[in-house]
Amino acid sequence: MTEVLAVDPLRPAAGAIARAASIIAAGGTVAFPTETVYGLGANGLDPDAVARVFRAKGRPQDNPVILHVADADGLKPLVEDVALPLALELAGRFWPGPLTLVLRRSPIVPAVVSAGLPTVGVRVPAHPVALALIAASGTPIAAPSANLSGRPSPTVPEHVLADLTGRIDALLSAGATGIGVESTVLDLTGPVPTVLRPGGATLEDLAAALGRVEFHPAAAGRVEPDAPLPSPGLRHVHYAPRARMVLVEGADATAIRQAALVLARGAQAQGARVGVLARPGLEWGLPGCLVQPAGARDAIGAVAAGMYAALRELDAAGPDIIIAEAYPEAGLGWAVMNRLRRAAGEISHAAAP
Ligand code: TXA
Ligand code: MG
């Protein structure tokens, strides 16, 4: 049974938070909203509780999870790193917010959290419900996104329930999350800070804060099949729609439309059901296409906020092929394109051994 605790996103009732915290303390699993996507939380210092999160999601054992803490002080006991001063500086600028910092982990972090890596990812979420839950639980909360492994991350409580009803103990249900794509994962363990996953904190903002920041090739969603992948999550199929997904790239709206029309007609001629993920108002002029609006090119925030819901809608409609418009790789566009490229399979899927 999954207990649904409905709360106000801005002022969650103390009773519901206390109930959720008691489930965390007892080693249970609670889904909760953050500013990015819903997370599936458990006591991050209890290996059995974290193992329950992996089981509920069907998550591969070698993909580490992020620890969520209340503030920068919560980071200190979890890490042992010469990069701590830099981490605290970044925390001052970006936390609470969608930036996960990867540092060397201290012995109090269970190996299951890090999937055996010597590092741990930590962030302070910018959401009143998440912060209230962390405070009431009095422990770092380990939380991957609250979806079944291989499904799009959940941005509304209905997505969590669709994937995890009966598999988790409780859900703090508090409406839609804001940003809609996950946090940026930044590795601070090497000589140069390196983005492993683009997300809510933009590359431009990180570059402004850090001066020098690298972008791992996998973070764009493009890697050579045998390139080393520092973040195990990058090796896994992230989200793959049942349909084959094709990205149409280009800056010019007419050219994009033309290319999409050719693709769609070709697929339809072979009897395929065609889904289209594209900006609203773009006249694809194709009868029989399932068109899912995805936001305008110059409104990338709206694209990010609605992308996972749009992909779930399209999946439910069951097209054989999804034609998706590519977005400019700037700001949140890096995160959007990383997710779309990976959904389209434009990344090495070499399975973990
Ligand atoms: O916004 C988010 O980050 C959401 C909310 C719930 O906080 N969480 C989330 O978790 O997206 P998850 O597990 O779906 O994605 C975490 C990503 C994975 O790609 C994982 O491989 C990477 O972060 N990661 C976690 N710990 C890491 C570590 N120690 N080293 C390298 N990558 C790590
Ligand atoms: Mg995830």
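The values are calculated or read from the model by the stated rules, or taken from the named source; none is laboratory data. As the structure is a computational prediction, the values presented were derived from the model and not from experiment. All Cβ positions, even for glycine, are placed from backbone atoms using ideal geometry, and neighbour counts span all protein chains on display. All accessible areas refer to the heavy atoms of the entire protein, side chains included, with ligands and DNA or RNA removed. Shrake-Rupley method; radii C 1.70, N 1.55, O 1.52, S 1.80 Å.
Looking at the range 62-88 only, could you name the residues that are open to solvent by 40 Å² or more (accessible area, probe 1.4 Å) and in contact (Cβ under 8 Å) with a residue 40 or more places away in the chain?
Correct list: Asp62, Ala70, Asp71, Leu86.
One line per residue, one yes/no per condition, for (1) touching a Phe, Trp or Tyr at 6+ places or on another chain (Cβ under 7 Å); (2) assigned to a helix (DSSP H, G or I); (3) closer than 18 Å to Gly116 by Cβ:
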site	(1), (2), (3)
Glu35	no, no, no
Arg55	no, yes, yes
Asp62	no, no, yes
Pro77	no, yes, no
Leu88	no, yes, no
Pro96	no, no, no
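Among the residues of the range 149-175, which ones are open to solvent by 10 Å² or more (accessible area, probe 1.4 Å) and under 12 Å from Glu3 (Cβ atoms)?
Result: Leu161, Thr165, Gly166, Asp169, Ser173.
Restricting to the range 273-304, and then to whatever is modelled with pLDDT of 80 or more and in a loop (DSSP other than H, G, I, E, B), can you tell me which residue is surrounded by the most Cβ atoms within 10 Å (Cβ to Cβ)?
The selected residue is Ala294.
Val30: β-branched (Val, Ile, Thr), open to solvent by less than 10 Å² (accessible area, probe 1.4 Å) and away from ligand 2 (no atom under 16 Å from the Cβ), yes or no?
yes
I'd like the full set of residues that are within 14 Å of ligand 1 (Cβ to nearest atom), over 17 Å from the mean Cα position of the chain (by Cα) and open to solvent by 30 Å² or more (accessible area, probe 1.4 Å), limited to the range 33-61.
Of everything in the range 33-61, just one residue is within 14 Å of ligand 1 (Cβ to nearest atom), over 17 Å from the mean Cα position of the chain (by Cα) and open to solvent by 30 Å² or more (accessible area, probe 1.4 Å), namely Gln61.
Which residue is farthest from Val195 (Cα to Cα), if the candidates are limited to the range 305-343 and must be aliphatic (A, V, I, L, M) and without any contact (Cβ under 8 Å) to a residue 40 or more places away in the chain? Before the answer, list the steps.
Step one: of the range 305-343, the residues aliphatic (A, V, I, L, M) are 305, 307, 309-311, 314, 316-317, 321-324, 326, 330, 332, 335-337, 340, 343.
Adding the requirement that they be without any contact (Cβ under 8 Å) to a residue 40 or more places away in the chain leaves 310, 316.
Details: Ala310: 26, Ala316: 33 Å.
Step by step, filter the range 305-343, then rank; the result is Ala316.
Would you please name the residue that is farthest from the chain's Cα centre (by Cα), looking only at residues in the range 102-130 that are open to solvent by 10 Å² or more (accessible area, probe 1.4 Å) and within 14 Å of Asn43 (Cα to Cα)?
Within the range 102-130, the match that is farthest from the chain's Cα centre (by Cα) is Ile108.
Say we look at the range 136-162 and pick out the residues that are more than 12 Å from the chain's Cα centre (by Cα) and within 19 Å of Gln61 (Cβ to Cβ); which of these is farthest from ligand 2 (Cβ to nearest atom)?
Of the residues in the range 136-162, the ones more than 12 Å from the chain's Cα centre (by Cα) are 136-142, 148, 156-162.
Narrowing further to those that are within 19 Å of Gln61 (Cβ to Cβ): 142, 148.
Values: Ala142: 13, Leu148: 10 Å.
That would be Ala142.
Could you tell me whether Val50 is modelled with pLDDT of 95 or more, within 16 Å of ligand 2 (Cβ to nearest atom) and assigned to a loop (DSSP other than H, G, I, E, B)?
On the way: modelled with pLDDT of 95 or more: yes; within 16 Å of ligand 2 (Cβ to nearest atom): yes; assigned to a loop (DSSP other than H, G, I, E, B): no.
Taking the combined requirement at face value, the residue does not satisfy it.
From the residues in the range 106-126 that are in contact with an Asp or Glu (Cβ under 8 Å, 6 or more places away or on another chain) and within 21 Å of Ser145 (Cβ to Cβ), which one is farthest from ligand 1 (Cβ to nearest atom)?
Pro110
Need the failing condition index for Pro228 against (1) within 14 Å of ligand 1 (Cβ to nearest atom); (2) modelled with pLDDT of 80 or more, just the number.
With respect to (1) within 14 Å of ligand 1 (Cβ to nearest atom); (2) modelled with pLDDT of 80 or more, Pro228 is out only on (2).
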